[in-house]
Amino acid sequence: MASLHRSVTRLIEPEPTMEGAGVKLNRLIAGRQIDWLDPFLLLDHFGSDQPADYMAGFPMHPHRGIETVTYMLDGETDHRDTMGNAGTIGPGAVQWMSAGGGLLHEEMPRPVNGKLEGFQLWVNLPAKLKMSRPSYQEFTADQIPEARRDDGTVIRVVAGETDGVRGAVTEIAMQPTYLDVHLAPGARFVQPVLRGHAAFAYAYRGGGTFGIGEGGEGTAIQAPQLAILGDGDDFEARAGDAGVRFLLVSGRPTRETIARYGPFVMNTRAEIVQAVNDLNNGTFVWEERNG
Ligand code: FE2
């Protein structure tokens, strides 16, 4: 089978959304334009120089059946949960949390040097793992490996692999790649992406051309814009005159039907009803049910 370059099949514009206790953010996935991109259920880009836009944060709320991935560019997010974990996700750090069969947690963003910015991605769990024990992987900025190229390109490898550099986050069911790619003006970038995996590239600074094909054609991108990628074996991008910074994320689809209700994503409506009942009956949290 000949090698196929992934092209941009859709461009998604950010949708201003209010979440949590009154946090203003931009929604890319799970908005009006695209409901989900199996296995990715949601992508939010938060950040503002106005603390009033986010300080109310995300007080105690439940999750079941998914993984939430918080990656900070600037500022910090304080968190604590019903598993007894508490900590801070600092600038450049990542928290990959598997909610599994149920937890409640609190996520409170605050600025560092007046700045706050980051992303939250939700990854679906396959049916067989939806009720599993909750778990975490958390890495500080200096624990996330970087690949550096001669042309000035810096690739922060949150998950997956590039240029032989393995990512910090491993052993995730949907075999994700999560790269934070910084391209200098005019720089070219090629990354293998497994055929059959869903993939997107979210430009959050600058602009350029994404999804370059055999003949050199591609799609013009200007941040903030999300490019949904078609199937293929690799992804090629070129930075414009101001450079470009983007998240390149891919993963294996679950190919399962989902039933979603806010922070619960299960396979059937009955499982959603069960989650709501568990929450009402005090049997929602995995530890409390399973000891
Ligand atoms: Fe949450």
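Name the single residue that is farthest from the ligand (Cβ to nearest atom) among those in the range 94-103 being under 17 Å from THR170 (Cα atoms) and part of a strand (DSSP E or B). Taking the candidates together, the pick is VAL94. Taking the condition of being more than 22 Å from TRP286 (Cα to Cα) and surrounded by 18 or more Cβ atoms within 10 Å (Cβ to Cβ), how many residues in the range 77-101 meet it? Total meeting the criteria: 5.
The residues listed here are GLY65, GLY47, GLY20; of these, the one that is of a type in the set (Gly, Ala, Ser) and within 25 Å of PRO253 (Cβ to Cβ) is GLY65. Across the range 238-291, the number of residues qualifying as touching a helix residue (DSSP H, G or I) at 6+ places or on another chain (Cβ under 9 Å), assigned to a loop (DSSP other than H, G, I, E, B) and open to solvent by less than 30 Å² (accessible area, probe 1.4 Å) comes to 4.
A count restricted to the range 47-69 and to residues that are in a loop (DSSP other than H, G, I, E, B) and farther than 17 Å from MET174 by Cβ stands at 7. Scanning the range 169-196 for residues that are open to solvent by less than 20 Å² (accessible area, probe 1.4 Å) and not in a strand (DSSP E or B) returns MET174, PRO176, ALA187, VAL193.
The set of residues in the range 174-218 being among the hydrophobic types (A, V, I, L, M, F, W, C) and at positive phi is empty.
The condition of being within 12 Å of the ligand (Cβ to nearest atom), at pLDDT 95 or above and touching a Lys or Arg at 6+ places or on another chain (Cβ under 6 Å) holds for only one of GLU106, GLU76, that being GLU106.
The values are calculated or read from the model by the stated rules, or taken from the named source; none is laboratory data. Worth saying up front: this structure is predicted, and the values here are computed from it rather than measured. All Cβ positions, even for glycine, are placed from backbone atoms using ideal geometry, and neighbour counts span all protein chains on display. Calculation scope for accessible area: heavy atoms of the full protein, side chains included, ligands and nucleic acids excluded. Shrake-Rupley method; radii C 1.70, N 1.55, O 1.52, S 1.80 Å.
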